[in-house]
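Asker: Dropping the structure in here first, questions after.
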Amino acid sequence: MDLRSLIRDIPDFPQDGILFRDITTLLRDPDGLKFTIDKLAEKFSNQSIDYVVGMESRGFIFGTPLAYRLGSGFVPVRKPGKLPAEVHSVEYDLEYGSDSLEIHQDAFPESSNVLIVDDLIATGGTAAATAQLVERASCNLVGFGFIIELSDLGGRQKLPDVPIESLVIY
């Protein structure tokens, strides 16, 4: 299946000069959504994955059904103040400023095998910060799965040396 044909390009969003890759058109296509989850599951089926981690909010969309498909648990990574129990927190740099992400301290047992999933990797800041949270939880990061990779932005180079799978590369 050609996933690229199910991803809509929106010029000048959220600001002039940006070409936004919109996945809502992929999500509304039943065959495309199923193919996406099945393809990600296939890429990581040979690994022992205890938990899939998805970042707020589009990582939840793909991470939860992928965890189900892999027979794993799902753990959300959220913006500050959204999780009710004690958290690990990490601050990371954005193009203009910084942001933070959090995960529950008891999200998974120590030494669990964890896969990080998100809809897109661009500059790699969010994915790298999430990898730091997995490390703080004393777990094993086994890989990253993305639907879209914007290769010109070099995000892959900011990530730890584990398998990185992207279904569509621009």
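Asker: Of the DSSP beta bridges with both residues in the chain, give the percent that are antiparallel, rounding to the nearest 5.
Answerer: Roughly 35 percent of the beta bridges in the chain run antiparallel, per DSSP.
Asker: Using alpha-carbon positions, what is the distance between the centroids of region 79-105 and region 113-137, in Å?
Answerer: Cα centres, region 79-105 to region 113-137: 12 Å.
Asker: Within region 28-170, what is the number of lysine pairs with alpha carbons under 26 Å apart, leaving out pairs fewer than eight places apart on the same chain?
Answerer: So the count works out to 4.
Asker: Turning to a different aspect of this structure: At most 13 other Cβ atoms within 10 Å and a DSSP loop assignment: could you name the GluC sites (Glu not before Pro) in region 62-98 that fit?
Answerer: Counting only loop positions with at most 13 other Cβ atoms within 10 Å, the GluC sites (Glu not before Pro) in region 62-98 are Glu86, Glu95.
Asker: OK, next. Would you mind telling me the antiparallel percentage of the DSSP bridges in region 79-170, rounded to 5?
Answerer: Percent antiparallel among DSSP bridges in region 79-170 is about 40.
Asker: Choose one answer from Phe44, Phe62, Phe144: the residue with the largest mean-square fluctuation in a GNM of the chain with alpha-carbon springs under 10 Å.
Answerer: Looking only at Phe44, Phe62, Phe144, the largest GNM fluctuation is found for Phe44.
Asker: Under a 1.4 Å probe, what is the accessible area of the chain per residue, stated in Å²? Intermediate results must be reported in sequence, preceding the final value.
Answerer: Numbers: 8840 Å² over 170 residues.
Value for the chain: 52 Å² per residue.
Asker: Suppose only helical runs count, i.e. DSSP H with n ≥ 4. What mean residue ellipticity at 222 nm does that imply for the chain under -39500 (n - 2.57) per run, divided by all residues and rounded to the nearest 500 deg cm²/dmol?
Answerer: Calculated from helices alone, the mean residue ellipticity at 222 nm is -8000 deg cm²/dmol.
Asker: Another question, then. Whole-Hz Karplus ³J(HN,Hα) for region 118-126, in order, using 6.51 cos²θ - 1.76 cosθ + 1.60 and θ = phi - 60°, x for Gly and Pro?
Answerer: Those phi angles translate into 8, 6, 8, 10, 10, 7, x, x, 5 Hz.
Asker: In whole Hz, with x marking every Gly and Pro, tabulate ³J(HN,Hα) for region 96-111 from phi via Karplus 6.51 cos²θ - 1.76 cosθ + 1.60, θ = phi - 60°.
Answerer: 10, x, 8, 8, 9, 10, 9, 9, 4, 5, 9, 4, 8, x, 3, 6
Asker: Here's something else I'd like to know. Determine the dipole magnitude for region 24-98: charges of +1 sit on the beta-carbon of Lys and Arg, -1 on that of Asp and Glu, nothing else is charged, the reference point is the Cα centre, and the result goes in debye to the nearest 20.
Answerer: Here the size comes out at about 240 debye.
Asker: Could you tell me what percent of the DSSP beta bridges with both partners in region 1-85 are antiparallel, to the nearest 5?
Answerer: Details: 4 of 9 bridges.
Bridges in region 1-85 are about 45 percent antiparallel.
Asker: Further, regarding this structure: If a paramagnetic tag sat 7 Å from the Cα of Asn46 along the Cα-Cβ line, which residues of region 146-165 would have the backbone N under 15 Å from that point?
Answerer: Answer for this model: 163-165.
Asker: Same structure again: Mind running the shape call on region 22-128? Use the C-alpha gyration tensor, a ≥ b ≥ c as the square roots of the eigenvalues: rounded below 1.5 for a/c, prolate if a/b tops b/c, oblate otherwise.
Answerer: oblate
Asker: OK, next. Could you please state how large a percent of the accessible area of the chain is carbon and sulfur, counting protein chains only and using a 1.4 Å probe?
Answerer: Carbon plus sulfur share of accessible area: 47 percent.
Asker: Among Phe74, Phe146, Phe20, whose mean-square fluctuation peaks in a Gaussian network model of the chain (Cα, cutoff 10 Å)?
Answerer: Phe20
The values are calculated or read from the model by the stated rules, or taken from the named source; none is laboratory data. Since the model is a prediction, treat every value here as computed from it, not as a measurement. Glycine gets a Cβ as well: all are built from the backbone with ideal geometry, and neighbour counts include every protein chain shown. Accessible surface areas use protein heavy atoms only, side chains included; no ligands, DNA or RNA. Shrake-Rupley method; radii C 1.70, N 1.55, O 1.52, S 1.80 Å.
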